[in-house]
Amino acid sequence: MPNAEPWTPAEDVALCKAYTNISEDGATSTDQRSSLFWDRIHDTYTGLVPAGTPARKAGALQSRWSGLIRPDVSLFASCLAVVKAEEHSGWTDMEHIDEALLRFTAKREQLNANATHEYEEELRAGATKGKRKPRVRPELFRLHHCYE
């Protein structure tokens, strides 16, 4: 059953900080079990969120990170890196970000269109047995608060 409370930007930021703190902890071995890794993130996250924030389980944190935050922030970061590498003379940081946002939207639109087209082709060919219709991802980057 999904959590009744929607995620807030403060929770997203706390999750990003917790993930970064634990994943970059050089004192901890990299061969730890996934469950231990996410339990440690959960403990750190719990200490970072404001009082009164709804309780979240470690699995909910992992799902939010893996299914939404990491893919979107990674795609935006790659778009921004490409824009900055192009060395637009005289551009401000905001102009670089605006261009990266446009490219994020274009890339996401293309990814959504490709996934939908592939599914429709399989549907016409009768090869969709057991396959779900692809989930269309948001085309606008909504996680500015997670990218710092």
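What follows draws every value from the coordinates through simple rules; no lab data is involved. These numbers were taken from a predicted model, which means no experiment stands behind them. Glycine gets a Cβ as well: all are built from the backbone with ideal geometry, and neighbour counts include every protein chain shown.
Any idea what log10 I(q)/I(0) is at q = 0.15, 0.22 Å⁻¹ for the chain, Debye with uniform C-alpha scatterers and no solvent? Log-scaled intensity ratios, in q order: -0.96, -1.24. Under 22 Å of direct C-alpha separation, and excluding same-chain neighbours fewer than eight residues apart, Lys17 reaches these lysines: Lys57.
Under a Gaussian network description of the chain, with springs only between Cα atoms under 10 Å, the residue in Ala60, Ala125, Ala51 that fluctuates furthest is Ala125.
For every other residue with a beta carbon closer than 13 angstrom to the beta carbon of Glu24, add +1 if it is Lys or Arg and -1 if Asp or Glu, then tell me the sum. Net charge in that neighbourhood comes out at +1. Under the membrane-span-like helix rule (DSSP H runs whose alpha carbons stretch at least 20 Å along the helix axis, mean Kyte-Doolittle hydropathy -1.0 or higher), the chain yields 9-23, 34-48, 70-85. Positive contributions from Lys and Arg (+1) and negative ones from Asp and Glu (-1), summed over other residues with Cβ under 13 Å from the Cβ of Leu101, come out at -3.
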